[in-house]
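Written below as structure tokens is the structure these notes are about.
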């Protein structure tokens, strides 16, 4: 009695589990992107991603339930989930969706840092403030997330001991972030040192 390829042990214990892993990578990656787009307020993209995420998941789960006696499927499903989380995070890092608020607090004079940031086209708001140990400088910038690495490297170069925080921004009232990507006026009024 001859078995077909789809009923062969080779298909059931190697190819089908590999397909389940790939399906889980795809649906979990879509889930990661859907959540990110949802948090950023992209209302049109979210339902489309959700549709394909659930469609892929249903296809994977139906194949698993059709093969409950195949122990390899019970390894493939969580492995695909774990790899999907990793792949989803990598995709999200590459897309660098959204804008970030960077707040820098420094006790050292930050004039060189401010000048360098402005020279590179970043919008900067700088104010003097009073910290627990005396006078400090506070610098605010809202930047495109894709420029975050460059911005942080400049902080480390000009003021390596500065304290800084980075926060996701869901909504910005104007699309005026930095002069490298926008030709319009700056979003914040530039305050001198």
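The table below gives the values:
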quantity: Residue ranges of helices (runs of 4 or more DSSP H) in region 40-132 with at least 1 members closer than 26 Å to residue 155 by Cα; calculated: 71-95, 111-119
quantity: Index of the failed condition, residue 56 passing every other in (1) surrounded by fewer than 14 Cβ atoms within 10 Å (Cβ to Cβ); (2) closer than 20 Å to residue 27 by Cβ; (3) within 26 Å of the chain's Cα centre (by Cα); calculated: (1)
quantity: Qualifying position, being out of contact with any strand residue (DSSP E or B) (no Cβ under 8 Å at 6 or more places or on another chain), exposed (fewer than 15 other Cβ atoms within 10 Å of the Cβ) and at pLDDT below 85, among 14, 7; calculated: 7
quantity: Count - residues of region 63-86 that are surrounded by 15 or more Cβ atoms within 10 Å (Cβ to Cβ) and closer than 30 Å to residue 40 by Cα; calculated: 7
quantity: Residue check for residue 38: within 30 Å of residue 173 (Cα to Cα) and modelled with pLDDT under 95; calculated: yes
quantity: Index of the failed condition, residue 156 passing every other in (1) assigned to a loop (DSSP other than H, G, I, E, B); (2) free of Cβ contacts under 8 Å to residues at least 24 places away in the same chain; calculated: (1)
quantity: Unique match (being at pLDDT 90 or above, touching a strand residue (DSSP E or B) at 6+ places or on another chain (Cβ under 6 Å) and over 28 Å from residue 91 (Cα atoms)) among 188, 163, 122, 158; calculated: 163
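The values are calculated or read from the model by the stated rules, or taken from the named source; none is laboratory data. All figures in this text were calculated on a predicted structure; none of them were measured in a lab. Cβ sites come from the backbone with ideal geometry, for glycine too, and all protein chains shown count toward neighbours.
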